[in-house]
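The values are calculated or read from the model by the stated rules, or taken from the named source; none is laboratory data. Computed from a prediction, not measured in an experiment: that's the story for all the values here. Please note: Cβ atoms are built from the backbone with ideal geometry, for glycine as well, and neighbour counts cover all protein chains shown.
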Amino acid sequence: MNVLLVNLGGLGVIGLIVWYFWLSSSSGTAAVVTAGGVQETKVIVKGGYSPDTIRVEAGRPVRLLFDRREADPCSERVVFDAFGVSAELPTGTEVPVEFTPTEPGEYEFACQMGMLKGKVIVS
Amino acid sequence: MRDPVCGMEVSEDSLTIDGYPDVGFCSDHCRSAFVDEPQKYLDGDVAAESGSAVLEMEAPSPRFGEQETIHLAIDGMTCSSCVTTIERALVSTPGVVDARVNFASEEVTVEAQDVPIEVLTAAVADAGYSARPLDDEDDGDAEAEARERLYRTLLQKFWFAAIVSLPVIYFSYPELFPGIPAKGSTALNLIWGAMALLTLPVMLWAGSQFYTGAWAAFKHRSANMYTLIATGITAAWTYSATALLFPGLFPEERLRDVFFDVTAVVTALVVLGMALEIRARAKTSEALKKLIGMQAKTARIVRDGQEIDVPIEDVVVGDTIVVRPGEKIPVDGQVLSGASAVDESMVTGEPIPSEKVTGDPVIGSTINKTGSFRFEATRVGKDTMLSQIIRMVREAQGSKAPIQRTVDKVASYFVPAVMIIAVSTFMVWYTFGPSPALLYAVITTVTVLVIACPCALGLATPTSLMVGIGKGAENGILIKSGDALETAHRITTVVLDKTGTVTMGQPSLTDVIVMGEVDEDKLLMLAASAERASEHPLGEAIVGGAHQRGLNLRDPETFLATPGHGISATIDDHLVVLGNLKFMADQGIGAGAAESVLEGLADEGKTAMVVGVDGELAGVVAVADTIKEDSVAAIQRMHDLGLEVAMLTGDNIRTAKAIGAKVGIDRILAEVLPEDKANEVSKLQGEGKVVAMVGDGINDAPALAQADVGLAMGTGTDVAMESGDITLVKGSLTGVVTAIELSQATMRNIHQNLVGAFAYNTLGIPVAAGVFFPFFGLLLSPLLAGAAMAFSSVTVVTNANRLRSWEPSIKEETV
């Protein structure tokens, strides 16, 4: 009986892991258009990117202001592979990362090791 | 949701305050500003809207991407209203598109088009604050400090955890060590109780970063190393504490074991590993730091006839700068007067000092060796060559090698997969394991969680790339991206553009052949004196050759040029004629004897002219585009590396073959029109070759872009460098070899790292799960797993750092 419960419980936990880490996703934050016509959002870097999903429109320049609030070297750089841009993020300094998406789609950004992740959804 | 103070869009989980459910804040600063005067900001939303409309009208329509970003440090800010004041002052300055003040770091980021820094600092000063340009070093120092603090904290945590670990290990094994009360005795239970309390701060303080890191990742629906470690050490501690406090829950005596040692030791080791990794990783960007540190701090400029020392930021284009022996040349420029030898090795990798005379370009941050000179500043600030190199290296180090994209895919599934394996391990041991099954299940699960090392995988590529690209910069090889670095190691064919790449790109005198009464020096003196008045490039080569031999040239008394044929001049009462055979015949000079000589020279790729003196054949002078000194050795080395070397040129096949044979080219692509260069490259690619194109001119740009890897000579045009993937600062073919070797060395290093990291995880995890147990009764201790995990990522970084001692195979002879 115990064995059955433990195994059912284990399968349940595995199901939760698969669902939580792989299948679900958040709806994200829309970037704000500034006076200069740039879509802008502040992204706080601490153990992850907040917000980690940013919605923008295609064809307009995007500026993400990264504010790294930790000294953990894992997050010292953010890389937007699809747009060919990256930036070093010194702790406590707001660093703008700019690019102009032309095609709608989902573009991932990540730390250099690919452990911290976020995405830009271009519509 | 919008921050009412600054108007910035903020997320739902941003800072809030009680009583205002609909507002969120981007920072503590905005929140406290709001708390002071909430009404102002709640009504102010409308004001902010109209304010931004005004700004929109004032701001010129931004041409995104062409603006420059300027960072200024601001002094004198006291409150949030200062932020708005400064931003307004800057935005209303013509040319400024946007300004953002960061109150916390006392900095402003200005987006502007063609606005000098002085104008910006003046605008800030008018608003009542002071501003100064912020250079890259400021960031670097702050970052280094933060890193150093983290390192010290981690070391303190390590020592604490290590000291606690010693008694905890001792009392954890009553059957192993002497003098410990028997299992089940009240005395031992009390000791274990003390251990539970003692390991609690180890877990919660020394291991606090595991929990904060795991939680931050969890919120973002991701998992990382911290998730695994936090889960592992918590499970070990919780099981032990439960067994101790509620022995009744565990019917079998054997189940009431504790492993507080796992919590303490794993925490100590992982924290130590993190500290070591921080140290090792700081070294990976050392090359860049060296470049940044090379920048001069001050310059001695001449203003109103006075020599004054000014900070480097104050130097403007057009300033006259004085440099004495042993001093650093502050910015890029052109020598006005004086002469010296300059050590440019830091930029070009070339160890032999370069001679500089009036008119020669000088590079900022290089070191003046022997003489004094004055030069005019031509490029300052972020336009200098060194600044551009720094920017390029930075960008390249942040780019990804294609191989990493595959690794990233694996890495993104890795941690949750390990968690699934851990849960499965528990289930299998609990179901099929020997008694006490629960105990085995817990230990193996913890071991699986602790041994898996996602960091080793993640670090493998970027750290080697950082070191490799930095190493390139040290050797005058600027690699633009990880893509270029990776592709360069697969190159099979190198295509060299002849002019300016294999050869100098400008003709010089090669032969003086005497065929009459006049001796060699006099023949050359007469020919050169005659050519002095001519503006033909071949003539310049002859004059240059005569100067080199120290001949005194005369001014021709008469001079007559027949375009396309030759020239005639009177020098020291001699009638000198120079030209082709037909011109000689026209002048009535019998030059038949020169015919075979001319053909021989043409076969060697040289351009020859017959010289007649006083109506008689006197000899032949020949000029040719000379081969760069190191071309032959470099091409030989390319062959050694197993590469096919092709040469692309617009020259006729005979000349091309002559040069090709001299330097050892395998394949000659002659008589190629400039617009067809890219086609030739794509033809080679069509043959299945991975092509590197080496060129320097504007007309090479399409071919550089078409090639798998374009290598541009740094001595060439900016267009070529823009199109190239790799720039060879020194402009020699040796750089091509160095670039390819470096790429091979870096990729080898990356492969070692990846193989190591994959092998470690694919072997370690099953062993930790206990696959050897049914066969050999072997089970891995979670303590060993912790040690292995802590040092696997350090090993990867250390291996990447080995690249720092890499040296190119062809080194210049030092004088």
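Going through B:Glu629, B:Glu671 one at a time, which residue ends up being among the charged types (D, E, K, R), surrounded by fewer than 19 Cβ atoms within 10 Å (Cβ to Cβ) and on the phi > 0 side of the Ramachandran plot? Spell out the reasoning first.
Values: B:Glu629 fails: on the phi > 0 side of the Ramachandran plot.
Exactly one residue qualifies, and that residue is B:Glu671.
Just wondering, is there one or more residues in region B:789-800 that are touching a Phe, Trp or Tyr at 6+ places or on another chain (Cβ under 7 Å), surrounded by 22 or more Cβ atoms within 10 Å (Cβ to Cβ) and assigned to a helix (DSSP H, G or I)? Yes, the conditions are met somewhere in region B:789-800. Of the residues making up region B:430-444, those that are more than 10 Å from chain A (Cβ to nearest Cβ) and either at pLDDT 90 or above or part of a helix (DSSP H, G or I) (or both) are B:Leu439, B:Tyr440, B:Val442, B:Ile443, B:Thr444.
How about region B:541-575: which of its residues are under 21 Å from B:Leu509 (Cα atoms) and touching a Pro at 6+ places or on another chain (Cβ under 8 Å)? Walk me through it before giving the result.
Applying the first criterion (under 21 Å from B:Leu509 (Cα atoms)) to region B:541-575 yields B:541-556, B:561, B:563-569, B:571.
Across region B:541-575, the qualifying residues are B:Ala541, B:Ala569, B:Ile571.
May I ask you to list the residues in region A:23-50 that are out of contact with any Ser or Thr (no Cβ under 9 Å at 6 or more places or on another chain), closer than 30 Å to B:Ile421 by Cβ and not aliphatic (A, V, I, L, M)? A:Ser24 - this is the single residue of region A:23-50 that is out of contact with any Ser or Thr (no Cβ under 9 Å at 6 or more places or on another chain), closer than 30 Å to B:Ile421 by Cβ and not aliphatic (A, V, I, L, M). Of all residues in region B:499-528, which are in a helix (DSSP H, G or I), touching a helix residue (DSSP H, G or I) at 6+ places or on another chain (Cβ under 8 Å) and within 30 Å of B:Asn552 (Cα to Cα)? Of everything in region B:499-528, those that are in a helix (DSSP H, G or I), touching a helix residue (DSSP H, G or I) at 6+ places or on another chain (Cβ under 8 Å) and within 30 Å of B:Asn552 (Cα to Cα) turn out to be B:Leu524, B:Met525, B:Ala527, B:Ala528.
State whether the residues of region A:3-13 include one that is closer than 28 Å to B:Ala460 by Cβ and either within 8 Å of chain B (Cβ to nearest Cβ) or part of a strand (DSSP E or B) (or both). No: region A:3-13 contains no residue that is closer than 28 Å to B:Ala460 by Cβ and either within 8 Å of chain B (Cβ to nearest Cβ) or part of a strand (DSSP E or B) (or both). For B:Ile420, the conditions (1) within 7 Å of another protein chain (Cβ to nearest Cβ); (2) touching a Gly at 6+ places or on another chain (Cβ under 6 Å) are fulfilled apart from (2).
Cβ-Cβ distances below 6 Å connect the following pairs, each with a first residue in region A:80-97 that is within 8 Å of another protein chain (Cβ to nearest Cβ), a second residue that is surrounded by 18 or more Cβ atoms within 10 Å (Cβ to Cβ) and of a type in the set (Gly, Ala, Ser), and a separation of six or more residues or different chains: A:Ser86/B:Gly398; A:Thr91/A:Ala71; A:Thr91/B:Ala146; A:Gly92/B:Ser105; A:Thr93/B:Ser105. Entry remark, region A:98-123: residues being under 25 Å from B:Leu459 (Cβ atoms), of a type outside the set (A, V, I, L, M, F, W, C) and at the interface with another protein chain (Cβ under 10 Å from one of its Cβ atoms) number 5 in total. Does B:Ala396 fit the bill of being at pLDDT below 85, out of contact with any His (no Cβ under 7 Å at 6 or more places or on another chain), crowded, with 19+ Cβ neighbours inside 10 Å and more than 10 Å from chain A (Cβ to nearest Cβ)? No: the conditions fail for B:Ala396.
Look at B:Lys683 and say whether it is at pLDDT below 90, of a type in the set (Lys, Arg) and out of contact with any His (no Cβ under 9 Å at 6 or more places or on another chain).
Numbers: at pLDDT below 90: no; of a type in the set (Lys, Arg): yes; out of contact with any His (no Cβ under 9 Å at 6 or more places or on another chain): yes.
Criteria not met by B:Lys683.
Out of the residues in region B:189-238 meeting the condition of being among the aromatic types (Phe, Trp, Tyr) and over 23 Å from B:Arg256 (Cβ atoms), tell me which one is farthest from the chain's Cα centre (by Cα). Within region B:189-238, the match that is farthest from the chain's Cα centre (by Cα) is B:Trp205.
Would you pick out the residues in region B:399-409 that are out of contact with any Asp or Glu (no Cβ under 8 Å at 6 or more places or on another chain) and more than 9 Å from every other protein chain (Cβ to nearest Cβ)? Walk me through how you get there before you give the answer.
First, pick out the residues of region B:399-409 that are out of contact with any Asp or Glu (no Cβ under 8 Å at 6 or more places or on another chain): B:404, B:406-409.
Within region B:399-409, just B:Thr406 meets the criteria.
Considered as a group, the residues in region B:556-569 that are assigned to a strand (DSSP E or B) and out of contact with any helix residue (DSSP H, G or I) (no Cβ under 9 Å at 6 or more places or on another chain) include one that is surrounded by the most Cβ atoms within 10 Å (Cβ to Cβ), and that residue is B:Ala561.
Between B:Arg405, B:Arg374, which is of a type in the set (Lys, Arg), in contact with a strand residue (DSSP E or B) (Cβ under 8 Å, 6 or more places away or on another chain) and surrounded by fewer than 24 Cβ atoms within 10 Å (Cβ to Cβ)?
Values: B:Arg405 fails: in contact with a strand residue (DSSP E or B) (Cβ under 8 Å, 6 or more places away or on another chain).
Result: B:Arg374 is the single residue among B:Arg405, B:Arg374 that is of a type in the set (Lys, Arg), in contact with a strand residue (DSSP E or B) (Cβ under 8 Å, 6 or more places away or on another chain) and surrounded by fewer than 24 Cβ atoms within 10 Å (Cβ to Cβ).
Scanning region B:472-483 for residues that are surrounded by fewer than 24 Cβ atoms within 10 Å (Cβ to Cβ) and either touching an Asp or Glu at 6+ places or on another chain (Cβ under 9 Å) or within 18 Å of A:Val78 (Cβ to Cβ) (or both) returns B:Lys480, B:Ser481, B:Asp483.
When the test is whether a residue is outside any loop (DSSP other than H, G, I, E, B) and either away from every other protein chain (no Cβ under 14 Å) or under 30 Å from A:Val43 (Cβ atoms) (or both), B:Gly179 does not pass it.
If you check B:Val357 against the conditions, is it surrounded by fewer than 16 Cβ atoms within 10 Å (Cβ to Cβ), touching a residue at least 12 places away in the same chain (Cβ under 8 Å), among the β-branched types (Val, Ile, Thr) and over 30 Å from A:Glu76 (Cα atoms)? For B:Val357, the condition - surrounded by fewer than 16 Cβ atoms within 10 Å (Cβ to Cβ), touching a residue at least 12 places away in the same chain (Cβ under 8 Å), among the β-branched types (Val, Ile, Thr) and over 30 Å from A:Glu76 (Cα atoms) - is met. Quickly run through region B:801-815 and pick out the residues that are modelled with pLDDT of 90 or more and buried (at least 19 other Cβ atoms within 10 Å of the Cβ). B:Asn801, B:Leu803 - these are the residues of region B:801-815 that are modelled with pLDDT of 90 or more and buried (at least 19 other Cβ atoms within 10 Å of the Cβ). Across region B:448-472, what is the total count of residues that are under 20 Å from B:Glu286 (Cα atoms) and of a type in the set (A, V, I, L, M)? Final tally of qualifying residues: 6.
Under the condition of being farther than 15 Å from B:Ala618 by Cβ and free of Cβ contacts under 8 Å to residues at least 24 places away in the same chain, which residue from region B:587-604 is surrounded by the most Cβ atoms within 10 Å (Cβ to Cβ)? Walk me through it before giving the result.
Our first condition is that a residue be farther than 15 Å from B:Ala618 by Cβ; within region B:587-604, this holds for B:595-596, B:599-604.
Remaining after also requiring free of Cβ contacts under 8 Å to residues at least 24 places away in the same chain: B:595-596, B:599-600.
Numbers: B:Glu595: 11, B:Ser596: 9, B:Glu599: 11, B:Gly600: 15.
Selected residue: B:Gly600.
Just wondering, is there one or more residues in region B:713-733 that are crowded, with 24+ Cβ neighbours inside 10 Å and of a type in the set (Ser, Thr, Tyr)? Yes, the conditions are met somewhere in region B:713-733.
Of the residues B:Leu485, B:Leu496, which is in a helix (DSSP H, G or I), in contact with a Ser or Thr (Cβ under 9 Å, 6 or more places away or on another chain) and under 30 Å from B:Gly688 (Cβ atoms)? Steps first, answer last, please.
Working: B:Leu496 fails: in a helix (DSSP H, G or I).
It is B:Leu485.
Which one is surrounded by the most Cβ atoms within 10 Å (Cβ to Cβ), of the residues in region A:24-57 that are facing another protein chain (nearest Cβ under 9 Å) and basic (Lys, Arg)? The extreme case among them is A:Lys42.
Restricting A:Arg77, A:Arg60 to those that are over 21 Å from B:Val101 (Cα atoms), modelled with pLDDT of 85 or more, surrounded by fewer than 17 Cβ atoms within 10 Å (Cβ to Cβ) and among the basic types (Lys, Arg) reduces the list to A:Arg60. Output yes when any residue across region B:278-296 is of a type in the set (Val, Ile, Thr) and within 30 Å of B:Glu327 (Cα to Cα), and no when none is. Scanning region B:278-296 turns up at least one residue that is of a type in the set (Val, Ile, Thr) and within 30 Å of B:Glu327 (Cα to Cα).
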